[in-house]
Amino acid sequence: MKKILWSAVLLLAFGLAYWQWRGMEEPVAYQNGYPDLRGQHIVVYVSCRDEVGKAFLELFKDKTGCSYEYLKMTTPEALARIRAEREHPKADIFIGGTCDAHILAKEEGLIEKYVSKNYDAVTDRYKDGDGYWIGIGTSPLSIIVNKERWEKEYQSKGVALPKSYEDLLNPAYRGEVIVSDPNTSGTAYTMLAYLSQRMGSEMTVDFLHRLKANVGEFTINGYTPAQKVAAGEYLLGVNFLNDQLCVLESGFEVLTIIPPQCGWSMDAVSKIKKGPDKAVGRYFIDFCTTKEIQEKVSRISFSMPIRSDAEAGPNLGQFDIYEEFDFIKASRDRARLLQVWNDSV
Amino acid sequence: MKKGPIKAVLISMYSLMLVVCAIILYNNYHHLYDQVTVVEDQAAVARRSQLSIPLKIEIHNEKWGSYVFENEEGIQKIWKAINEITLGPPDMAPSYPLKEDVKISGQIHYINGSSDFFEIGSRLILNDQTYDDNYKMPLIDNLKNELLSYLYSQQRLADLMETAVSVKLRVGTGRQEMVLLDDARQKLKRILLDSVKVETNREVINLLKNKGDALGHVRIYLQDTASVERLKAADLVNIDVYEDGFFVVQYMGDENGRHMYFRGPLDSLLQELEKNAGEKRE
């Protein structure tokens, strides 16, 4: 009887060892400080500007040899997709997208814990305390103004330039403001959550009612307001400064105004739970948070790096941000705030 | 040895083997699930293959003209993307008109002579069926951008020199714009025609990392600014000109803010035009 028991234990041990072996990752060699990932592949959902996503991935491919494919989408679309694929995820990494989406993904068990090798080098407010997500760049919510139209049509009437988000409610701007829709845009949701936390619910509802009267268009993407204001289709818009610096670089005459105590957010990166490739996603997260890559990408993304030792790209300085902005609260309030938005707007 | 223990050993071994087989079966199923395609019977497959071999795909946009896919790789790529979006039941067509600045229509021609019509903007319409649920939106957006990238060709950019209402040049950070006349537009057209589209992401990122400030900007107006109350972003194409024969084209109506990268001596033309303008002023 003992022999039978031993045989059973032995078989069970073999079974467990086999199980464990299947989940093990092969050791990776390093070249010039980067893992050699030739022959490996990463699938990424990208919610930042196309060039920024490509920059991270192309630099990763360049340094490690890992091939990639990506799907670009807005933050809520990416979250909905990861949620829908929960049982059989098709992507390894969710990059970009305001960090409230990553917090929500953490709470819903959609992403997995990975404490990056660069975790300690990243400023505390730019990373999850439990290691589920980590920032890749921050940007303030800024007001963009078409300077030519402003001078031609408004300055002469004695209308002052907006200095705060509340100034966008001026009836002189009726139909001239463009913002994105928080149902489809992480940028707009950041604005909504920021207003709610700074003003309180009642005042936010009032603000949204009055804002609606001035808004000429709600866009799907957070980037679009900068483009349409630059072209002169609208006078004013709100989105992240990094998007506005893009059109400024293309020589469009726009003004960017960062209000005091401004709303802000950060794009983050996280590893999708049960993604197709276990190890490569972790290397990618490490890669995105190195000083070298943070500095290189900051020149393309116009975002502030999340490491204090990394140098920011051009036109980026210090901003008076609303320090109390609580990303976790923003994430938890999502359903309620979207309801408030949809009822008001 | 007694008969009883032998029987017990055999039963135990047999049970254990069953458990191991069950584990292996579960494990294999778990790894293969969602990756196996179940095909129908031979007749159904033959029927389907007759219907679903696309031979040619034509696309058209009001501002960016037409493009015909005739190479197999391109056709398969577009065809696969449409199939992925149209998998599953269609959605209800919205009862209100959608605000769509950029819309592409197209036709898929099949080997059996039949064809399908599609239209893609903020939704996909295939024949009479509409597809626009939230899960499919990124796929729709990606396909629209993919199709747009084929329309953003050197040839089409060059054609814009003939059809654009006006082409203006803005140098440096100044507000002064120079309207390009026929001669300058023809020179610009030739450069655009001969330019090379930078297709690899690697080269694009290298260019982005190393570029300095733009030398100037070419603005192509697709609509007469005097005839409309205000210019729409969808009626404007911007070209940022950099040193070393590198320029970036951005169609301001592209909601994803996609930039296209080209190599061509636009910097030399810009300097020549600036010099000529300076001489005239003197």
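The values are calculated or read from the model by the stated rules, or taken from the named source; none is laboratory data. Just so it is clear, the model here is predicted, and its values are computed rather than measured. Glycine also receives a Cβ, built like all others from the backbone with ideal geometry; neighbour counts cover every protein chain displayed.
A quick yes/no check of all residues on (1) at the interface with chain A (Cβ under 9 Å from one of its Cβ atoms); (2) among the basic types (Lys, Arg); (3) outside any loop (DSSP other than H, G, I, E, B); (4) on the phi < 0 side of the Ramachandran plot:
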site	(1), (2), (3), (4)
B:Arg170	yes, yes, yes, yes
B:Ala184	no, no, yes, yes
B:Lys187	no, yes, yes, yes
B:Ile191	no, no, yes, yes
B:Glu199	no, no, no, yes
B:Glu203	no, no, yes, yes
B:Lys209	yes, yes, yes, yes
B:His217	yes, no, yes, yes
B:Ile220	no, no, yes, yes
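When the residues of segment A:227-253 are narrowed to those that are in a helix (DSSP H, G or I) and within 8 Å of another protein chain (Cβ to nearest Cβ), which ends up farthest from B:Lys168 (Cα to Cα)?
A:Asp243
Select from segment A:45-71 the residues that are in contact (Cβ under 8 Å) with a residue 60 or more places away in the chain, within 7 Å of another protein chain (Cβ to nearest Cβ) and among the basic types (Lys, Arg) and list them in ascending order.
Across segment A:45-71, the qualifying residue is only A:Arg49.
Of all residues being at pLDDT 90 or above and surrounded by fewer than 20 Cβ atoms within 10 Å (Cβ to Cβ) in segment A:72-88, which is farthest from the other protein chains (Cβ to nearest Cβ)? Just the residue, please.
Going residue by residue through segment A:72-88, those that are at pLDDT 90 or above are A:78-79, A:81-88.
Those left that are additionally surrounded by fewer than 20 Cβ atoms within 10 Å (Cβ to Cβ): A:83-88.
Details: A:Arg83: 9, A:Ala84: 6, A:Glu85: 9, A:Arg86: 13, A:Glu87: 9, A:His88: 5 Å.
Once the filter is applied, the top-ranked residue is A:Arg86.
Can you tell me how many residues within segment A:118-144 are in contact with a Gly (Cβ under 8 Å, 6 or more places away or on another chain) and part of a strand (DSSP E or B)?
Qualifying residue count, segment A:118-144: 7.
Right, A:Gly186: farther than 30 Å from B:Leu222 by Cα and buried (at least 22 other Cβ atoms within 10 Å of the Cβ) or not?
On the way: farther than 30 Å from B:Leu222 by Cα: yes; buried (at least 22 other Cβ atoms within 10 Å of the Cβ): yes.
For A:Gly186, the condition - farther than 30 Å from B:Leu222 by Cα and buried (at least 22 other Cβ atoms within 10 Å of the Cβ) - is met.
How many of the residues in segment A:161-215 are in a loop (DSSP other than H, G, I, E, B) and of a type in the set (Ser, Thr, Tyr)?
Final tally of qualifying residues: 3.
Residue check, B:Met252 against (1) within 16 Å of the chain's Cα centre (by Cα); (2) within 30 Å of A:Ser67 (Cα to Cα), all met but one. Which one?
(2)
Would you point out which residue out of A:Ala268, A:Ala172, A:Ala160 is more than 14 Å from chain B (Cβ to nearest Cβ), closer than 30 Å to A:Glu108 by Cα and not acidic (Asp, Glu)?
A:Ala268
I'd like the full set of residues that are closer than 29 Å to A:Glu249 by Cα, over 18 Å from the mean Cα position of the chain (by Cα) and within 14 Å of chain B (Cβ to nearest Cβ), limited to segment A:274-310.
A:Glu292
For segment A:288-345, name all the residues that are touching a residue at least 24 places away in the same chain (Cβ under 8 Å), more than 23 Å from A:Ser185 (Cβ to Cβ) and part of a helix (DSSP H, G or I).
Matches in segment A:288-345: A:Lys291, A:Ile293, A:Gln294, A:Lys296.
Those residues that are assigned to a strand (DSSP E or B) and either aliphatic (A, V, I, L, M) or touching a Lys or Arg at 6+ places or on another chain (Cβ under 8 Å) (or both), I need them from segment B:232-246; list them, please.
Passing the criteria: B:Leu236, B:Val237, B:Asn238, B:Ile239, B:Val241, B:Tyr242, B:Phe246.
Going by what's in this entry, would B:Gln107 be described as modelled with pLDDT of 85 or more, more than 14 Å from chain A (Cβ to nearest Cβ) and assigned to a helix (DSSP H, G or I)?
Taking the combined requirement at face value, the residue does not satisfy it.
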